[in-house]
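Enquirer: What follows is a single structure, and I will ask about it in a moment.
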Amino acid sequence: MTPIQKVARDILKNDLPINVLITDYVFTDSDRDTIMINESHKIEYWFITLFRQAIKVLLFSTVASAAYLSNVPQSFTQPDGSLMKCFATGDENYHWLHDSLGYTIIQDSKTGYFVYARLSEEGLGTTAAIPGVHDPRSANLHPNYHDNPNVPTRFLDYTSGRDLDDRYTAPTIGILNNIVIFIRFSDQSEFTDLYSSYTGKFNEDQVSLQNYYLEASYSQLEIATHFYPTTVSDYPVSYQDLHPRAYYSPYNSVTNPIGYPVDANGDPSNDQARVREHTLLKNAVLGVSSQIPPNLNIDGDNDGLVDNVCFIVQGAEDGWSDLLWPHMWVLWTFDPYYGGSGNVLINGKTVWTYNLNLSEYSGNTGSGVGVLAHEMFHSLGAPDLYHYSYDGFTPAGSWDLMQNSGDPPHHMTAYMKYRYGNWISSIPEILYSGTYSLNALVSSNNNCYKIQSPNSSSEYFVLEYREKTGLYETTIPGTGMIVYRINTLLDGQGNSDGPPDELYIFRPNGSTTSNGIINDAHLSASVGRTEINDFSNPAAFLADGTPAGLDISQIGFGGDGTIQFHVDNQSAPVLSHFELVYSGNPYLAMNIYATSVTLEGMDLVTGDEVGIYDGEYCVGAGIVVGEIEPFLALVASTDDPGTPEIDGFTPGHSITYRLWDASEGLEISNVSSLYSLGTGVFTSQGTAMVDLAGLTQVDMTLSLDPGWNIMSFYTNPDDLNMLNVVQPLISNGSLLKIQDETGSAIENLPVIGWVNNIGDMCVSEGY
């Protein structure tokens, strides 16, 4: 980032005052618009807005785009031959043309000219104001005229296909063989980017689609891409369509008479956009399908559908186009069940889920892997996390791939990995007050927690630690813990129709009415944001704006792969039996996850406790609240060499456990442990997973006098066989005979020896 860009960033981020010296009456960005400024408007707010927008353009020009693209430069030739330059912003569902100030531009279907748009009750309409010639403010227009009633047109069509039998997700675990098909139009020559530039961005051990998902999935998903048509040259060989590129753009009687029909707002007025797109892709598949080896597993989840096909179309995106923009969709129109003529097949498998990408974002000149990764996560089932209404609110910002992605792309949040990737098996819940630690999200273990809101049964909070590290997390805004709200009422829907949102990240100055500073969402002692509660800044709040009931404090320093924090949960029970040898934050904490804890074969219940011991020192403990599912999270502290007392474990010592049966008021030290992770040895900053089983042990002594005795028992031995119970008496030669009330006996018979006709001992019976 250049010095001027840093200044611009600070101005926009902190809303700093701007002092501008106007030296001329024309503000010109030679690459974009020319805006006339008269004397009387020199210091009015619109000029400040102009300056801020110019700064934004400067900033955005260096930021790589994801599937949601911002301020993409566009050029169009007007009917009089003049060149009109502008920008395009949006995503695969809806996008629009605009100038550097955000004033919307549409094409007049009658004249063919690109003009500024006005907003009426009927939606967007044309004006006589031409970009680069007229000032839109003089026509009493306003920026951001793009939220018209027909925005959902593409999205509704998309979801109608997506929801068909819910058959649109590819496998998230194992190997996904991704098919790439190159496409060019009849008026285009072959691809000019090197073939190696595509194989590199998809498959190589570098910043690539494959490498990204290996890291993001903790090596659980490998995406192997295969390219068609096959080639042995230095450049891709592509399928060439019968139609020119303009055939897949909106109709205009002057500039594009062969385009698909649109209504007055520029939206498809019938099914032609979808029909043309799907026919193009069908023909491309048929053109290369014979080259795909029959032994290539393209259906990893055995659902009869090709896991994913990625079409790379020659060229860049077209503004105001529903086709030539990166997107994910399903090829459902040919399915006979829905009235189609027959499914499109590759080796007997139906082509269903697909990504459409452009060579602009895939080859040498592309912005990188972010677009590829975003669209692929759609294919795996993940929704978008930005608002399709483009209301200025950013629920997740640059903390999640499905809202925004840098180049290289950063990770998706832990919740998205859990809910849609299945790469995190569960999010452990913090049920009681205490100090906890988190590993960075790039780690496969101890990377997230959740806390249920005491004020809502449908909303909970997720905590994760993000660290600027490695190939991909370098593009996040900062290092620290982020806290976000999950609304279970919107499960599986994402944020497209929000607010309310399925996922919302808390940030300074954020509220239901203010976007706040999403890039400052990270919390740590390093940045001076060490708490989040109902009254802090950032504050935690529910979807309706009411207090969340969250209280996190003492957030520590990050930067070494872990961060510590304290949770205060006043509604949760606290330890009443085990007393820790340390207070405050643990020193070099070890995380132990008890996946099951039983006593006499029965699960522990609410109020029971688990203690972690190094000899006689209690170095960690936890209390059971509800069912232990998926595990009880325990934290043990290392002995701090800077203190004179023993206040933690000694690394290398063996771990022992004790249980507290609250209902019986009984401490159990006879506890067995079975580890699925770790070895039962204390390790500073280590992690272990263990099953614990406790058995009560009662010592019972009976005093026997010479002659006959009457005796009974109040506890069961490990072995109930009555002969084995009294074996010590037989061994020392003192037993003559035992008899129960039925007359059955244990006695020494001639020739036979000792016989047991009583069987098993019975508690409370007399002998």
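Enquirer: From Cα pairs below 8 angstrom and at least 6 apart in sequence, can you work out the relative contact order of the range 590-694, rounded to a whole percent?
Expert: It comes to 34 percent, rounded to a whole number.
Enquirer: Once a ≥ b ≥ c are taken as the square roots of the eigenvalues of the Cα gyration tensor of the range 700-767, is the result rounded (a/c under 1.5), prolate (a/b larger than b/c) or oblate (a/b not larger than b/c)?
Expert: rounded
Enquirer: I've got another one for you. Counting only residues 5 or more places away or on other chains, whose amide H sits under 5 Å from the amide H of Thr656 once H atoms are built in the peptide plane?
Expert: Under 5 Å from the amide H of Thr656: Tyr613, Gly615.
Enquirer: Here's another thing I want to ask about it. Subtract the Cα-Cα distance of Ser233 and Gln727 from 0.36 nm times their separation in residues, and report this length gain in nm to one decimal.
Expert: Length gained between Ser233 and Gln727: 169.1 nm.
Enquirer: Taking the range 190-258, which GluC sites (Glu not before Pro) meet the DSSP loop condition and have no more than 15 other C-beta atoms within 10 Å?
Expert: Those satisfying the criteria are Glu190, Glu204.
Enquirer: About its Cα centre, how strong a charge dipole does the range 362-469 have in debye, to the nearest 20, once Lys and Arg get +1 and Asp and Glu get -1 at the Cβ?
Expert: Charge dipole, the range 362-469, about its Cα centre: 240 debye, nearest 20.
Enquirer: Here are some pairs, Lys349/Lys468; Lys85/Lys282; Lys201/Lys282; which of them have Cα atoms lying more than 30 Å apart in this structure?
Expert: Cα-Cα > 30 Å for Lys349/Lys468; Lys85/Lys282; rest within.
Enquirer: Turning to a different aspect of this structure: Would you please give the residues with an amide H less than 5 Å from that of His387, counting only those at least 5 places away or on a separate chain, with H modeled from the backbone geometry?
Expert: Distant-sequence amide H within range of His387: zero hits.
Enquirer: Here is a further query. Among Gly665, Phe631, Gly680, whose Cα projects farthest towards the positive end of the dipole of the range 590-694, with charges put on the beta-carbon of Lys, Arg (+1) and Asp, Glu (-1)?
Expert: Most positive-ward Cα: Gly680.
Enquirer: HN-Hα J couplings of the range 534-542 from phi, Karplus 6.51/-1.76/1.60, θ = phi - 60°, integer Hz, Gly and Pro as x?
Expert: Rounded to whole hertz, the list is 5, 10, 7, 10, x, 9, 9, 8, 7.
Enquirer: So what are the ³J(HN,Hα) numbers for the range 196-212, from phi and the Karplus equation (6.51, -1.76, 1.60; θ = phi - 60°), rounded to whole Hz, Gly and Pro as x?
Expert: Once rounded to whole Hz, the list reads 5, 5, 6, 4, x, 6, 9, 10, 6, 7, 7, 5, 8, 4, 5, 5, 4.
Enquirer: Excluding Ser553 itself, what net charge comes from residues whose Cβ is under 13 Å from its Cβ, given Lys and Arg +1 and Asp and Glu -1?
Expert: Net charge in that neighbourhood comes out at -3.
Enquirer: Run the simple label-point estimate for Leu736 and Val254 please: 7 Å along Cα→C-beta, distance reported in nm.
Expert: 12.5
Enquirer: Can you pull out the chymotrypsin sites (Phe, Trp or Tyr not before Pro) in the range 639-720 that DSSP calls coil and that have at most 14 other Cβ atoms within 10 Å?
Expert: For chymotrypsin sites (Phe, Trp or Tyr not before Pro) across the range 639-720 that sit outside H, G, I, E and B with at most 14 neighbouring Cβ atoms in 10 Å, the list reads Trp708, Tyr714.
Every number here is computed from the coordinates shown, using simple stated rules; none is lab data. Predicted model only: the values in this text are computed from it and were never measured. Glycine also receives a Cβ, built like all others from the backbone with ideal geometry; neighbour counts cover every protein chain displayed.
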